[in-house]
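Colleague: This is the structure I want to talk about, given as C-alpha cells.
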Amino acid sequence: MTAQSISASARIKGGAVGSSIWSRAWENHAPGYLFLLPWFIGFFGLTIGPIITSLYLSFTHFDLLTAPRWAGLDNYIRMFTNDRNFVASMRVTMFFVIFSVPLKLAFALGVALLLNRGMRGLPLYRALFYLPSLLGASVAIAILWRQIFAGDGLVNQFLALFGIVGPSWISNPNYSLWTLIVLSIWQFGSPMIIFLAGLRSIPQDMYEAASLEGASKWRVFWKITLPMLTPVVFFNAIIQTIEGFKSFTPAFIISGGTGSPINSTLFYTLYLYNEAFSFFRMGYASALAWVLLAIVAVFTAFSFFTSKFWVHYDD
Amino acid sequence: MTTDVQRLTVVTEDDASRRLRRRVFSVVAHLLLIGASILMLYPLLWLLASSFRPENEIFTSGISVLPSTSWDLDSYPRGWNGLQVGFGTFFANSFVISILSVIGNVAACSLAAFAFARLEFRGRKFWFAMMLMTLMLPYQVTLIPQYVLFLNLGWVNTFLPLIVPKFLAADAFFIFLMVQFFRGIPKELDEAARMDGAGPWRIYWKIMLPLSTPVLATAAIFTFIWTWDDFFGPLIYLSELRDYTVMLGLRTFTDSTGQSDYGGLFAMSVLSLVPIFLFFLFFQRLLIEGIATTGMKR
C-alpha cells in the first residue's frame, strides 16, 4: 500500500464515521446559503436595511445635504392635520383605485366568459386584447393618451362627426382623472388571460352534471362558474389594487409632473416623488411612504380576512 | 308509431332551432369582439398613421388612420435629432441597461430559486416566506434610503443603481416564478445525478437550467420589457442628457419641442414601442402562458 492510498482510505473512513458535526452541517446547509448569497445581499442591503432606515427618516427632517434632524411625530401630525395636498392625493388615488379596478376586472371577466364559449379565433382575440397591457406602461402610450383626450384630440374629432363639441378632457379637472381610469381599463388584457386560465381549470363534469339536471345558463353561471372562479377574482383584485396604489408614469406624463389641473391627477406616488425629489423633504416623503405601506398592508390583511366569506377553496 | 315519428320531428326541430340560435349568438359575439378589438387598437393605429403624416396634416385628418396621399417619413429623422443628444444615444443606453438587467435577473433569480426549490437547508421556509413578503412591498418604502445609499457610493448619474439590484435578485417576483417551474421538474433527475456524484452546482447548471428554458425565456423577456419601459428609476438616477434612456428622452421631448413638433414626438414614440412589439410578435405564446400560470401584473 502506498502512502497515498492509505491516506485516501483514511479519508473515506473518516468521512463515514468520524466527520465532525460542523463539517456535516457545512455540507448540508452551505450550498443553500451559497446559492442564496446574491439574494441575501440584496435582501439585507436593498430591502431590510432601507426599510428600517426609512422608518427612522420618517421621524426626521432630512434634506439630503445636512444630517437628518429628529422631529418626533411632526411629519405624521402635519400630514393628518395640516396638509391639503396629502388629502387631495389620497382622495385622487382612492377614487382611481375604486373605479378603475372593478371596471377593469368586469371587462376582463366579461370578455373572458365570451371567449371561453369555444369561440373560433380565440388565440387571435386573446393576443389583440393583451397587446395594450404589454405596451400600456410605456411613456409613449401616456403621450398618446394625452393627445387622444386633448381639446383637438382623437376623441373630440370622433365626437365632432356627430356635431358634439367635446371639452379638453385632459385639462378639465372634472374629467382628467377619468382619462387615466380609461387608460387603466384599456389594459384589461392581462387579468383577462388569468380569468381564461381560471375558467379552463373548472372541471367539465360539473357542467355536465348541471346540464343533465336541466339547469339554466344563468343558474350555471351563478352556482358553478362564479364560485369556482372566486380565487382568481380575489387574486386579480389584490394585484390590480396594489398596482393601482403604485401607479405613477401616466399621471406624471399627462400632468407634466405636477398633478394638474387643480391637483385632480395628483396621485399619491406623484406627491411623494415631488416631496422627495423636487422639494427634498426626504423625511416627510419617508413618512408618506410608511403611510402607503400601512394602507397596502391593512388592505391586504382585510382582503384575506374577508376572503374566508366569499372565496371558494377546494376542500 | 305516429307518436314516435312526431316525437322525432319535434326533436329535430328543436335541434335545428338550437343550432340556429347558436349560430346567431356566434355571429353577434364575433361582431362584438371585432368591434372591441378595433376600438382598442385604434389609438395605436392612429399613432402609427400620424407618425407618417406631414406636420400640418396630423390634426386635420380627423379620425382617419389611412395614410395621407403621400407617405411622409420626415418626422423620423426630425424626431431622431430633435434634442441636443440624438435618440441613437438614448436607444443605446436603454439597450445596455435592459440587456445587463436581463443577465443579472436571470442569473441571480435562478440561483435563489434553485436553492428554494431543491436544496435542503435550515431556515429555508423562513427565507422563502420573507421573499414572498417583499413581493407585496411598495417600492416607495425603500426608495429614499436606496437613493441615499447610491448617492454615497457615487453611483447617481451612472447606470449602476438601475443594474446592480438586478444582480442581487431584487425583483423577487421572478424568483417566485422560477420556483414554481423548478418544482415541476421530476426530482428523480437530480437524485440520479447525485448518485453519480454530481454536486448542487452541477445539478443546477447541467440539469435544471437546460430543462427550464421556457421559464428562463419568460423571465428574460419580461425583465427586458419592464426595464425598457421603466420611467421612475431613470427619472431619479439619471440627470445628464447623454445618459438618458428612451423613456426619459420622450419625456424631455414633450417638455421642450413636443408642443411644436408632434410628428417627431409620435415618430419617436412609435420607435420606442418597436422592441416590445417585436417580443409580442415572436413570443406571445410564451408571454401569455407566463401570465396565465403565475398571474403576472401586466
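Colleague: Could you check how many percent of all C-alpha pairs in segment A:76-310 are farther apart than 21 Å?
Modeller: So the pairs more than 21 Å apart make up 64 percent of the total in segment A:76-310.
Colleague: Follow-up question, since we're still on this one. Taking only C-alpha pairs under 8 Å that are 6+ residues apart, what is the relative contact order of segment A:182-295 in percent?
Modeller: In percent, rounded to a whole number, it is 15.
Colleague: Further question: Going by average Cβ neighbours within 10 Å, how do the peptides A:305-312, A:260-267, B:280-287 rank, with the highest at the top?
Modeller: A:260-267, B:280-287, A:305-312
Colleague: Taking θ as phi - 60°, what are the ³J(HN,Hα) couplings along segment A:188-197 by the Karplus curve (6.51, -1.76, 1.60), each to the nearest whole Hz, with x for Gly and Pro?
Modeller: Running phi through 6.51 cos²θ - 1.76 cosθ + 1.60 with θ = phi - 60° gives 6, x, 6, x, 4, 5, 5, 4, 4, 5 Hz.
Colleague: Within 10 Å of each Cβ in peptide A:24-36, how many partner chain Cβ atoms are there on average? Round it to a whole number, please.
Modeller: That average works out to 6.
Colleague: Averaging over all projection directions, find the projected area of the Cα convex hull of segment B:193-298 and quote it in nm² with one decimal place.
Modeller: Convex hull of Cα atoms, orientation-averaged projection: 10.0 nm².
Colleague: How would you rank B:216-227, B:106-117, A:149-160, highest first, on the average number of other Cβ atoms within 10 Å across their residues?
Modeller: B:106-117, B:216-227, A:149-160
Colleague: Also: Other chains near A:181-191: what is the mean number of their Cβ atoms within 10 Å of each residue's Cβ?
Modeller: Per residue, the average neighbour count from other chains is 2.
Colleague: Taking H placed 1.01 Å from N in the peptide plane, check which residues at least 5 places from A:THR60 or on another chain put their amide H under 5 Å from its amide H.
Modeller: Correct list: A:ALA71.
Colleague: Taking the Cα centroid of segment B:101-121 and of segment B:173-218, what is the distance between the two, rounded to the nearest whole Å?
Modeller: 10
Colleague: Tell me, what ³J(HN,Hα) does each residue in segment B:205-217 have, in order and in whole Hz, if you take phi through Karplus 6.51 cos²θ - 1.76 cosθ + 1.60 with θ = phi - 60° and put x for Gly and Pro?
Modeller: For segment B:205-217, the Karplus curve yields 7, 9, 10, 5, 4, x, 7, 10, 3, x, 6, 5, 5 Hz.
Colleague: Another question, if that's okay. Counting pairs of alpha carbon atoms under 8 Å apart in space and at least six apart in sequence, what relative contact order in percent does chain A give?
Modeller: 27
Colleague: Moving to a separate point now. Before rounding to the nearest 500, sum -39500 (n - 2.57) across all DSSP H runs of length at least 4 in chain B and divide by the residue total; then give [θ] at 222 nm in deg cm²/dmol.
Modeller: The helix contribution divided over chain B gives -23500 deg cm²/dmol.
Colleague: May I pose another question? Arranged from highest to lowest average of other beta-carbon atoms within 10 Å per residue, in what order do the peptides B:72-83, B:139-150, A:136-147 appear?
Modeller: A:136-147, B:139-150, B:72-83
Colleague: Here's a follow-up. Just tell me how shielded A:43-53 is by partners: mean number of partner chain Cβ atoms within 10 Å of each residue's Cβ, no decimals.
Modeller: 6
Colleague: Between A:ILE295 and B:MET130, what is the FRET efficiency for a Förster distance of 22 Å, r being their Cβ-Cβ separation, to the nearest 0.05?
Modeller: Result of the calculation: an efficiency of 0.50.
Colleague: Another one. Gap in Å between the Cα centre of segment A:276-309 and the Cα centre of segment B:14-64?
Modeller: Taking the Cα centre of segment A:276-309 as reference, the centre of segment B:14-64 is 40 Å away.
Colleague: Could you work out the relative contact order of chain B, using alpha carbon pairs under 8 angstrom and six or more residues apart, expressed as a whole percent?
Modeller: Reported as a whole number, the value is 29 percent.
Colleague: Of A:LYS104/B:LYS125; B:LYS166/B:LYS187; A:LYS223/B:LYS125; A:LYS104/A:LYS217; A:LYS104/A:LYS308; A:LYS217/A:LYS246, which sit over 32 Å apart, Cα to Cα?
Modeller: The pairs that break the limit, which is 32 Å between Cα atoms, are A:LYS104/B:LYS125; A:LYS223/B:LYS125; A:LYS217/A:LYS246.
Every read-out reported here was derived from the displayed coordinates using simple, explicitly stated rules and does not represent laboratory data. Quantities reported herein were computed from a predicted structural model and do not represent experimental measurements. No Cβ is skipped: glycine too gets one built from the backbone with ideal geometry, and neighbour counts run over all protein chains shown.
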